[in-house]
């Protein structure tokens, strides 16, 4: 049983504030991913939970115990580092046993636990090798093994997959997820890769400039981003944004950006009740913008194709809609070519609106 | 390089290398050349000086029987080994602290240590002489054991700082989370990983102490307590008479231990100068 709670946590390095007022409750056995661009404070937050970094202000609780002043070794956590941090002069077995030896675990128990972990990770054959003799993926497994033998209350992962090649990364992602459900331990995972965040997290915390932008399940964040940053960060290719003017005609509201005109469906228009500004930022995900055959003014957008990017299961087209650059998903069998004129239809319910003054979702 | 002709290679690589080797090795050749010549041959200007006409061991016999060369060697070993150990102990701790423990003055401390290395020995020996006198260590080998670290520690500290820097911090942090104390991390992780660096530092210290001249000359006057460099020069140069043969024999014998130390550890030594962890 270990829930992790951060209350009003701040971290300041001399004159730089790395983390501001971080509040989060991580449930027992939950897998939470901290994601954001580099320098957003995600790794610092993880290191504060680990006890490798002091907290400037606030409280961190692990299993209802304040750990602000508790040294890393007494927090009962295990951490997996990006560069694995294996001890190069020790064998795989010694690497995995090190933590247990430090805690004076009986030899027999150490042997049993290391073998058990090695079996789970499929590295039983490698126990007598040195890290130098292992591939990237194998080293990663050893690093994981070193964490799981200790049976900690909380696992902390600091971009553990970013040194692996793309294919291995996908494979390890799945394995990590399986491992987590098998071990049922609270996990905090830091990454800058939005795909990793989306696929692995029970919940995702999106951070920027030391501030939490939004916390939620992957689909909550994807479908209802709190601001343009979250909307643009999650999803690949990222969401199309353009600024538009609001044209009110009685109860109906239309969006106008240059020659582009879109009528908002009533439920979206209702959101704008009481909205005082006359401009909004419109966000449409590429997959919610599909080519159709017929142009319906107010419902569709006419555009010229600039670049076609087939990626196999989908073809993305970069278009220019009278000065507004957009990316649209044209389906895997698309025959669209550059310089073609296309008609794109956004799915009305999937149009996101943001306030240009503070970038927040309306 | 690809596409270089043999002549280009010769001009760019082999000829400069040959010149360099000649420059480095000629003194050794001269030393060996002189050791095995008799005085008569040495001073005979008719003979080719680069060649030994009638080899003799008389210079070596002179060195071994008419001076206390072995006592000097023992003294030098004693001083070099002890001061190396002291310097290593101090610089390992200093370098680790400056590099890894975050304290406000860690950077200035590092610079200060380096600056102390820049003070010439020829100036430093004056105040040090006073200290040695106060400590009543005048004319004792301990005066050298204690003063050599003054130039060994700064050098080793800087060498080891660079070495510690190349060990990923995460490794220590991981050990810390694993439950190891600072001391455990230092002995179980850092020291084994830094062995090549420590060896190079040790070799450096040993060589510098072995060859040291100024302090030994200033602090020791008893013949029985001299180190090799001083013993040879003071006992085999009498006024304006240079006993070249025994002098060179002494120089040759004294360079053997250093050469052995280097050749045993040359691989570690190179690794130590080029950083810690290569995967």
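Each reported figure results from applying straightforward, stated rules to the coordinates on display, with no laboratory input. What you are looking at is a predicted structure, and each value in this text was computed from that prediction instead of being measured. Because the Cβ atoms are built from the backbone with ideal geometry, glycine has one as well, and the counts that use them run over all protein chains shown.
Structure values in brief
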item: Cα gyration tensor shape of the stretch B:1-103, rounded if a/c is under 1.5, else prolate or oblate by comparing a/b with b/c; result: oblate
item: Percent RCO, i.e. relative contact order, over chain B, from Cα pairs under 8 Å lying at least 6 residues apart; result: 29 percent
item: Fewest-first ranking of B:225, A:107, using other Cβ atoms within 10 Å as the exposure measure; result: A:107, B:225
item: Packing-based exposure ordering (other Cβ within 10 Å, fewest first) of B:188, B:226, B:104; result: B:104, B:188, B:226
item: Volume per residue of the C-alpha convex hull in chain B, rounded to whole Å³; result: 195 Å³
item: Residue among A:22, A:81, A:13 with the largest mean-square fluctuation in a Gaussian network model of chain A, springs linking Cα atoms under 10 Å; result: A:13
item: Folded to 0 to 90 degrees: helix B:244-273 orientation relative to chain B principal axis, Cα; result: 20 degrees
item: Gaussian network model of chain A, Cα within-10 Å springs - most flexible of A:258, A:329, A:216; result: A:258
item: Cα centroid separation, the stretch A:270-328 to the stretch B:22-44 (Å); result: 89 Å
item: Percentage of interatomic Cα-Cα distances in the stretch B:6-56 larger than 12 Å; result: 68 percent
item: Angle in degrees between helix B:15-35 and the longest Cα principal axis of chain B, rounded to the nearest 10; result: 60 degrees
item: Most to least packed among B:105-115, A:140-150 [average Cβ atoms within 10 Å]; result: A:140-150, B:105-115
item: Using alpha-carbon coordinates, inclination of helix B:121-134 to the longest axis of chain B, degrees; result: 80 degrees
item: Part-to-part distance (alpha-carbon centres) for the stretch A:111-138 and the stretch A:214-230, which is given in Å; result: 38 Å
item: Rg and Dmax of chain A, Cα atoms only, in Å; result: 24.6, 79
item: Alpha-carbon Rg with Dmax, taken over the stretch A:60-100, Å; result: 13.4, 38
item: Among B:240, B:39, B:139, residue whose mean-square fluctuation peaks in a GNM of chain B (springs only between Cα atoms under 10 Å); result: B:240
item: Peptide A:87-93, shielding by other chains (average Cβ, 10 Å cutoff); result: 4
item: Burial ordering of A:154, B:228, A:305, fewest other beta-carbon atoms within 10 Å first; result: A:305, A:154, B:228
item: Radius of gyration and Dmax over the Cα atoms of the stretch A:119-178, both given in Å; result: 11.5, 31
item: √(5λ) per eigenvalue of the Cα gyration tensor, the stretch B:74-216, largest first, Å; result: 31, 16, 13
item: Volume per residue that the Cα convex hull of the protein assembly as shown spans, once the total is divided by residue count, Å³; result: 265 Å³
item: Nearest-0.05 FRET efficiency for residue A:21 and residue B:19, computed from C-beta distance (R0 45 Å); result: 0.10
item: Peptide-level mean, for A:95-102, of C-beta atoms on other protein chains within 10 Å; result: 4
item: Peptide-level mean, for B:160-169, of C-beta atoms on other protein chains within 10 Å; result: 1
